[in-house]
1. Once the piece of chain linking LEU325 and ALA298 is laid out straight, how much longer is it, given 0.36 nm per residue of separation minus the C-alpha distance between them?
2. Long-range amide H contacts for GLY86: which residues qualify at under 5 Å (H placed 1.01 Å from N, peptide plane, sequence gap of 5 or more or a different chain)?
3. Once amide H atoms are built 1.01 Å from N in the peptide plane, which residues 5 or more positions from ASN343, or in another chain, come under 5 Å H to H?
4. Between SER40 and THR389, how many nm apart are label points set 7 Å from Cα along the C-beta direction?
5. With all distinct Cα pairs included, what does the Kirkwood hydrodynamic radius of region 67-214 come out to in Å, to one decimal, could you say?
6. How far apart, in nm, are two points set 7 Å out from the Cα along the Cα-to-Cβ line at ASN129 and at VAL267?
7. Can you tally the net charge around ASP164? Count Lys and Arg as +1, Asp and Glu as -1, for every other residue whose Cβ sits under 11 Å from the Cβ of ASP164.
8. Say each of GLN48 and THR30 gets a label point 7 Å from the Cα, pointing the same way as Cα to Cβ; how far apart are those two points in nm?
Amino acid sequence: MNINKKLGTAIATGALLLNTFTPLAFAGTTIEISGNGAGSDNWANVSQNTTTAVNQSNNANVTNNVTSNAKTGGNDANFNTGGQVGIRTGNATVNTTVSNVLNSNSAEVDCCATGNTTVNITGNGANSNNGVQLNQGTTTAVNQGNNANVYNNVDEDAKTGGNDAYSNTGGDVTIMTGNAKVDANVSTTANVNAAHVGSSLGENNPSAAFVISGNGAGSDNYITAALAKLTAVNQTNNAYVNNDVDANAKTGGNDAGFNTGGDTAIVTGNATVNADVDNSVNFNFADVDCGCTWDVLAKIAGNGAEAGEDDWWDWWNTPDNIITLSLYSVQAVGQGNGANLNNDLTDLDAKTGYNDAESNTSEVDGDPAIMTGNATVNSGVSNSGNVNTVGDFGPFDWPDFPSNVEFSFNFAAMMAFFGMSL
């Protein structure tokens, strides 16, 4: 009996594989106060704000319950007289594969560029009052989060044997059983966030020019500007994976008794259990480059003389030419992972034996014989995850794993598996 079970779970509806965002940027800002008459009051107040927000989140709850039983045997050959008596059973094989692929976010976002800013106060008449107040802010925020709860419960049994040959007379009595084999493979890959913000995608270092020049005597001229750029990337993953594998392979439990004449032989096959669990969870990759400087020109030149320099009162009220700048550029990347992996492979049994050959009467020099196969358990558990990377995407140097676990990780293949590319 051969049982093959394959169970694959891919949460496509909860996987945002690729999103490309091109935020609106300031094409360029020009503020100019010029050519106004003597004694005039001229003011410009400008506020500009651009926000690009990308929010991606996935939640997956998966429960896989697999119960497989393969059994061959349980045959009886009793009370036969004359000739050969033989029982031969085939193999009992169970193959189960559980594969979970869950939760991936990928975002490619241009920097929210401010564009070029120019503020000019020029050529205004004597004793005029001229001022520009500029507030300019750009924010790019990418939030990616995944939550995966996976329960894989696998219960497999392969059994061959349990045959009886009793009270046969004449000829040889032979019981031969096949192999009992269980293969259990459980694979869970969950929670990948990849964000590429800026760099070649958007303008990194916008320029800003602030000029007060050529204004008439006694004029007051002010430029106050606050320019801010904020880029924030937050990536979080939480994975709870519980793998409970119960695998049993049994061959044997045969009885040959009270047979007369001929030889009595019991031959059993091998009992083999192979169980492999592979968990790869929680990967964050961020490549952020929206620039961290401003190309700024601030200039005060060629403005008129102060009026009434010889008069103390006029000196105290001297006109001013002032440029006040506040420039901020912040890039912040926050990455966090939480993983709770429970792998229970303690109940793996391969059993062969428990055969009985008793009270048999054979020809002279004849001997009863019992031959059992091998009982083998192979188990491997590999856990990888909780990786945070800022910068160029690429393969990682993985630590050495225990010698009894063979594990290799192909970063490019994983990204391709989730539909993403480096």
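1. Working: separation 27, 0.36 × 27 = 9.72 nm, distance 0.89 nm.
Contour length minus Cα-Cα distance gives 8.8 nm.
2. THR174
3. Sorted by chain and number, the residues that satisfy this are ASN243.
4. Result: 6.0 nm between the two label points.
5. Working: mean 1/r = 0.0414 Å⁻¹.
Every distinct Cα pair counted, the radius reaches 24.2 Å.
6. 11.2
7. Numbers: positive: none; negative: ASP76, ASP255, ASP356.
Local charge sum for ASP164: -3.
8. Between GLN48 and THR30, the label points sit 1.2 nm apart.
Every number in this text was worked out from the coordinates using simple rules, so none of it is lab data. Bear in mind the structure is a predicted one, so any value in this text is a computation, not a measurement. Please note: Cβ atoms are built from the backbone with ideal geometry, for glycine as well, and neighbour counts cover all protein chains shown.
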